[in-house]
Amino acid sequence: MEFVRGVAKKLNQEESVLNHRQSTASSVKNYWKIKSSSRVTYFVVFFIIALDQVSKGIFENSASFFCNKSSAFGFTFFAKGDNNAFSALISIFLIFYVLYLFSKSKKHEKLFFALIVGGGASNLLDRFVYGCVRDFIAFYSFPTFNLADAAITVGIILYLVYLLRLKQYS
């Protein structure tokens, strides 16, 4: 009888070790899933920045190229003077706010925020390096814009559609 108790005890110990190994493997697997989604998100941010900066360099000598010292859609905060510093300050605040939202967001929402942060960071880079945002895409009477502006707009629209659909199904 003592032998049976010893074998049962040994089996319980091995089962406990096996459960621990499985839970550890599951944790490692989930960790790499999180890291993988973060890597994709960071890639999107840096891809938007690189694509925007390269496109601005290519089209710098085009007829539609415009050095924009105002804010989004040509909006100015001050009638006279430099809006660039104020716009940069607002951009920094908004990027940090979106990064905060990013940290609280679900996996699939991170793409929307990556588009917004990538576009905002690229335009902010322009403000610091060139003293303005370099715009080159012109459509009729619509304000001239760039790929970073397009990424920001697409990110915001996708996020709003997502929120509306989420509200619709809840």
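The values are calculated or read from the model by the stated rules, or taken from the named source; none is laboratory data. Here the structure is a predicted model, which means the values were calculated and not measured. When we count neighbours, we look across all protein chains shown, and the Cβ atoms used for this are built from the backbone with ideal geometry, even at glycine. We work out accessible area using only protein heavy atoms, side chains counted, and drop any ligands, DNA or RNA first. Shrake-Rupley method; radii C 1.70, N 1.55, O 1.52, S 1.80 Å.
Tabulated data for the structure shown
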item: Selected residue (criterion: surrounded by the fewest Cβ atoms within 10 Å (Cβ to Cβ)) from residues of segment 45-67 that are within 22 Å of residue 155 (Cβ to Cβ) and among the charged types (D, E, K, R); result: 56
item: Test: residue in segment 126-144 that is modelled with pLDDT of 90 or more, among the polar types (S, T, N, Q) and in contact with a strand residue (DSSP E or B) (Cβ under 9 Å, 6 or more places away or on another chain); result: no
item: Any hit, segment 159-170, residues being surrounded by 12 or more Cβ atoms within 10 Å (Cβ to Cβ), under 16 Å from the mean Cα position of the chain (by Cα) and part of a helix (DSSP H, G or I); result: yes
item: Matching entry among 3, 47, 73 (being assigned to a helix (DSSP H, G or I) and at pLDDT 60 or above); result: 47
item: Segment 95-123: number of residues that are out of contact with any strand residue (DSSP E or B) (no Cβ under 9 Å at 6 or more places or on another chain) and farther than 21 Å from residue 38 by Cβ; result: 0
item: Count of segment 120-146 residues which are open to solvent by 60 Å² or more (accessible area, probe 1.4 Å) and either assigned to a helix (DSSP H, G or I) or polar (S, T, N, Q) (or both); result: 5
item: Residues within segment 57-70 that are in a strand (DSSP E or B) and either closer than 17 Å to residue 119 by Cα or at pLDDT below 85 (or both), tallied; result: 2
item: Qualifying positions in segment 92-131 - closer than 16 Å to residue 55 by Cβ and touching a Cys at 6+ places or on another chain (Cβ under 9 Å); result: 126, 130
item: Where a residue in segment 81-110 is part of a loop (DSSP other than H, G, I, E, B) and its partner, wherever it lies, is open to solvent by 60 Å² or more (accessible area, probe 1.4 Å) and modelled with pLDDT of 80 or more, with Cβ under 9 Å and at least six apart; result: 82/69; 83/69
item: Residue in segment 90-111 that is closer than 30 Å to residue 61 by Cβ, surrounded by 21 or more Cβ atoms within 10 Å (Cβ to Cβ) and under 12 Å from the mean Cα position of the chain (by Cα) present; result: no
item: Residue within segment 153-170 that is in contact (Cβ under 8 Å) with a residue 24 or more places away in the chain, over 19 Å from residue 47 (Cβ atoms) and out of contact with any Leu (no Cβ under 7 Å at 6 or more places or on another chain) present; result: yes
